[in-house]
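Novice: I have a structure I would like to understand better, so I am pasting it below and will then ask my questions one at a time.
The values are calculated or read from the model by the stated rules, or taken from the named source; none is laboratory data. Just so you know, these numbers come straight off a predicted model, no measurement behind them. Every residue, glycine as well, gets a Cβ built from its backbone with ideal geometry; the counts of neighbours run over all protein chains shown. The protein model used for the area step is the full one, side chains on, heavy atoms only, and it has no ligands, DNA or RNA in it. Shrake-Rupley method; radii C 1.70, N 1.55, O 1.52, S 1.80 Å.
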Amino acid sequence: MKLNKTVSSCLSSLLKPYSSLSLHWTTTMATTANPLESKKTVDESDVGISCFISQLPGFRGILKQRYADFIVNEVDMDGNVVHLTSLDVSPEMDEKEEEKTKSSDDVPQSYASAIESFRSISSVTDAERLETLINQVTSVTDDEISPVVFDPSSDKSKRTAIHNFVKENFKFLVTDTVDGPDPTSKCIRVRVNSADHNSRGKRSKKRKERGDKPFDSRGSEHWPEHLGKFVKFHLYKENKDTQEALGLIGKMLGVQPKSFGFSGTKDKRSVSSQRVTVFKQQASKLAALNKRLFGIKVGDFCHVKEGLLLGQLMGNRFTITLRGVVADSEETIKKSAESLGKDGFINYFGLQRFGSGSVPTHHVGAAVLKGEWKEAVDMILDPREINEAREYYKETGDIDGTLRQLPRYLVAERAILQCLKKCPGNYLQALKGIPRTLRMMYVHSYQSYLWNNAASLRVQKYGTNQVVLGDLVSTKVDDAKRIVGSLTSEHKENNEEALDCDQLDDTAVVDLSGERSDLVKVVDIEDMEAGTYSTSDIVLPLPGSRVIYPSNDIAEIYHNLAKKDGISLTESIHGVKEFSITSMTGGYRRVFQKPIDFEWELLTYTDSNKPLAETDLDRITLEKTRDKVGSAEEIESMKSDSRPPESCESDLKDTGNPVSEQTQLALKMALTLPSSCYATMAIRELLKTSTS
């Protein structure tokens with residue numbers, strides 16, 4: 001904990017009796033700025049969120065008043081916090097790429113032996129045509145080089161041998177087949193590989209020809225073996241979705257979204273830094289985009305052999321600033337912050353997990369688990385945001401007209417309508433048309449709904465400070481093994497489409513295969529007597545075929561709630577495996593989570609538009625300016641201009657009354673959470689207010 005003395009000296013003028021605030025603030029106030037009052041949203045109680053760890057009074061604070069108040073830095077699998085530290089390509093990497101470019105651009109001068117070998121499988125005239133073409137290429141002329149066409153042949157095996165020979169011996173040439181002078185013959189056409197000259201070449205490979213590669217094969221065709229085929233870089237973005245940012249970068253590079261790999265999406269209304277990989281692209285081309293990108297920067301480039309996959313992260317480092325803090329005393333804030341650091345929070349799935357529309361995603365999940373395909377489709381297409389398009393479809397049933405009105409980011413809705421257009425009335429097929437990672441979110445959301453309710457019952461019945469008989473606990477195994485188990489099968493799916501980023505964020509849970517069932521156990525009398533486990537070891541299952549449940553009465557709530565919804569957790573009522581809980585392995589999730597490396601401090605400010613936390617880009621900009629500025633005085637002056645908050649002392653000096661200048665209090669926190677945790681649930685524990 002850090003507390004500035006000047007802040008402490010003037011807190012008395014800022015702190016107000018919390019009880020004097022409107023009841024609206026203490027019970028139902030959403031702590032995000034500018035709530036959409038007219039829009040129906042999911043309430044915490046609807047999804048099982050109802051308890052707190054501490055009994056301390058809450059206080060008021062505004063979350064994300066500015067997107068820079070919510071800074072997210074990814075934490076990689078080695079525990080390193082990801083920062084954007086440089087926008088430039090390192091000299092060593094630049095030199096390697098220059099060597100690569102030279103080697104790919106330089107065509108060897110002598111192909112005499114290869115041409116001689118070619119004569120053995122072709123005619124004399126074809127060999128001469130090929131030799132003429134190669135001489136034109138090696139002469140490095142600026143003139144356009146026309147393709148050559150070999151003599152017609154009806155022998156397919158001979159044509160195949162020629163195709164393979166050219167491919168193996170002349171990397172700078174490509175071949176294809178064209179019609180011959182009669183229906184029974186074909187001709188081979190040979191031309192310069194124009195992949196780097198804005199024509200089709202190999203860059204035009206159809207998706208089916210690329211197979212199941214988790215990336216777009218478009219990129220430099222001449223890639224040396226000693227360089228990793230992926231460029232890893234750090235993506236910095238402000239107030240943008242991960243998919244939105246990568247979509248823009250991909251458009252500038254001329255590559256498809258599948259070229260990119262990343263470990264997880266980050267909140268849109270935030271400033272975030274994360275790792276991204278792209279297949280066979282030059283770092284210099286990426287770095288050149290920085291001049292054209294706004295609210296997005298890329299840097300810290302290096303070559304790697306493998307692309308990133310969803311779930312390959314340990315967690316996220318958050319720097320969160322709560323503005324407009326109002327509490328009845330400084331002690332309330334201090335105790336609440338210390339309690340959060342010491343005891344943590346209930347590890348609920350946050351409201352983001354359940355969607356932002358009028359129909360919660362767990363309701364859709366319940367429908368698909370029951371096999372009610374039409375009802376599930378109707379709920380997804382239910383009019384809410386983008387009302388005109390949805391209402392138009394509801395009234396007219398005109399699919400083409402609705403698709404013209406629906407924005408492309410509504411991936412699920414568009415996929416459903418496109419399938420219904422091809423197969424009217426086939427609602428199951430329409431649901432399967434949604435990208436797998438997104439459509440499975442509906443089932444996962446229902447699992448999360450059950451888990452939240454079970455966690456609340458566990459806290460209500462047994463409290464938060466003891467392990468009880470029958471609890472399910474995580475056994476004492478190596479953390480590295482536990483991390484390996486946290487990569488769910490869904491995360492291994494290719495990220496094919498733009499997804500709902502709010503729901504995709506923080507979805508990892510401990511997903512255990514059959515051979516790793518030793519990671520959990522039910523607490524018995526021997527464990528109780530030995531005091532082997534603590535509350536931090538308590539887990540609860542997400543329903544599936546391979547999980548075990550607590551042996552106390554907490555297990556009943558899973559089955560009771562599911563039965564109330566007409567769902568069985570032990571048998572499927574339909575034959576569609578991917579929409580059946582019995583076909584999912586399930587997983588486990590910690591009930592209580594403590595923030596890692598937790599720090600906090602109280603600040604005062606007068607200008608709501610000034611940032612109170614330093615971003616990665618701020619540091620880079622300051623460092624560049626430091627290199628250019630001559631005097632230390634100028635640097636310090638610049639720091640004071642760009643690094644608020646102002647002290648309470650200066651406010652008193654200028655006005656004699658800080659309140660008249662609307663001096664406000666802010667609580668700034670830094671904490672690390674595993675990828676499965678929601679920072680909003682930590683804030684909820686602190687403020688004791690709903691995040692609805």
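Novice: Give me the accessible area per residue for segment 549-635, probe 1.4 Å, as a whole number in Å². Spell out each step's value before the answer.
Specialist: On the way: 4420 Å² over 87 residues.
For segment 549-635, the solvent-accessible area averages 51 Å² per residue.
Novice: Right, another one. Let's test the formula: R0 of 22 Å, r as the Cβ-Cβ distance of GLU623 and ASN290. What FRET efficiency results, to the nearest 0.05?
Specialist: Numbers: r = 15 Å, r/R0 = 0.69.
Using R0 = 22 Å, I get an efficiency of 0.90.
Novice: Further question: Taking only protein heavy atoms and a 1.4 Å probe, what accessible area per residue, in Å², does segment 226-313 have with all protein chains in place? Walk me through the numbers before you get to the answer.
Specialist: Working: 3140 Å² over 88 residues.
Counting only protein heavy atoms, the per-residue value for segment 226-313 is 36 Å².
Novice: Just from the alpha-carbon atoms, what are the Rg and Dmax of segment 113-192 in angstroms?
Specialist: 12.4, 38
Novice: Between ASP78 and GLU571, what length in nm is gained on full extension when 0.36 nm per residue of separation is reduced by their alpha carbon distance? Numbers along the way, then the final one.
Specialist: Working: separation 493, 0.36 × 493 = 177.48 nm, distance 3.99 nm.
Result for the pair: 173.5 nm of gain on full extension.
Novice: If you don't mind, there's one more thing I want to ask. At 7 Å along Cα-to-Cβ for each site, give me the label-to-label distance between ASP182 and THR532 in nm.
Specialist: 8.5 nm
Novice: A follow-up question, please. Compute, for GLU244, the solvent-accessible surface of its heavy atoms (probe 1.4 Å) with the complete set of protein chains present, and express it in square angstrom to the nearest 10.
Specialist: In the full protein context, GLU244 sits at about 90 Å².
Novice: Using a Förster radius of 30 Å, what is the FRET efficiency between VAL468 and ASN609 based on their Cβ-Cβ separation? Nearest 0.05, please. Walk me through the intermediate numbers first.
Specialist: Values: r = 50 Å, r/R0 = 1.68.
Working from the Cβ atoms, E equals 0.05.
Novice: Could you tell me which of rounded, prolate or oblate describes segment 226-313, using a ≥ b ≥ c as the square roots of the eigenvalues of the alpha-carbon gyration tensor, with rounded for a/c under 1.5 and, failing that, prolate when a/b is larger than b/c and oblate otherwise?
Specialist: Judged from the Cα gyration tensor, segment 226-313 comes out oblate (a/c at least 1.5, b/c at or above a/b).
Novice: Same structure again: Amide H to amide H under 5 Å from VAL75: which residues, 5+ apart in sequence or cross-chain, H placed 1.01 Å off N in plane?
Specialist: Residues meeting the amide H criterion: VAL82, MET314, GLY315, ASN316, ARG317.
Novice: Hey, another quick one. Got a sec? Which residues in segment 413-436 would a label at ASP400 touch, if it sits 7 Å along Cα→Cβ and we count backbone N under 17 Å?
Specialist: What the label zone holds, given the 17 Å backbone N cut-off, is 417-424.
Novice: So, in nm, how far is label ARG546 from label TYR409 when the simple model puts each one 7 Å beyond its Cα toward the Cβ?
Specialist: Distance between the two pseudo-spin positions: 3.6 nm.
Novice: As a test of reading the structure, rank LYS563, LYS186, LYS167 by solvent-accessible area (1.4 Å probe, protein chains only), most first.
Specialist: Working: LYS563 160, LYS186 70, LYS167 130 Å².
Result, largest first: LYS563, LYS167, LYS186.
Novice: Let me ask something else about it. Round to a whole number: what % of the accessible area of segment 113-192 belongs to carbon and sulfur, probe 1.4 Å? Show your work: numbers first, answer last.
Specialist: Details: 2240 of 4690 Å².
Accessible surface attributable to carbon and sulfur in segment 113-192 totals 48 percent.
Novice: Calculate the spin-label point distance for GLU375 paired with GLN429, positioning each point 7 Å from the Cα along the beta-carbon direction, and give it in nanometres.
Specialist: Each label point lies 7 Å from its Cα, and together they span 2.4 nm.
Novice: Something else: How many angstrom lie between the Cα centre of segment 562-626 and the Cα centre of segment 415-458?
Specialist: 20 Å
Novice: Any idea of the accessible area per residue across segment 113-192, 1.4 Å probe, to the nearest Å²?
Specialist: Details: 4690 Å² over 80 residues.
Averaged over the residues of segment 113-192, the accessible area is 59 Å².
Novice: Considering only protein heavy atoms and a 1.4 Å probe, what is the carbon-and-sulfur percentage of the accessible area of segment 226-313? Please report the intermediate quantities before stating the final value.
Specialist: On the way: 1610 of 3140 Å².
C and S atoms contribute 51 percent here.
Novice: Give me the percent of accessible area attributable to carbon and sulfur for segment 556-604, probe 1.4 angstrom. Working shown, then result.
Specialist: Details: 1100 of 2370 Å².
Of the solvent-accessible surface of segment 556-604, carbon and sulfur hold 46 percent.
Novice: On a full-extension model of 0.36 nm per residue, what is the gain between GLU391 and HIS303, subtracting their alpha-carbon distance, rounded to one decimal in nm? Working shown, then result.
Specialist: Values: separation 88, 0.36 × 88 = 31.68 nm, distance 4.91 nm.
Fully extending the segment from GLU391 to HIS303 adds 26.8 nm.
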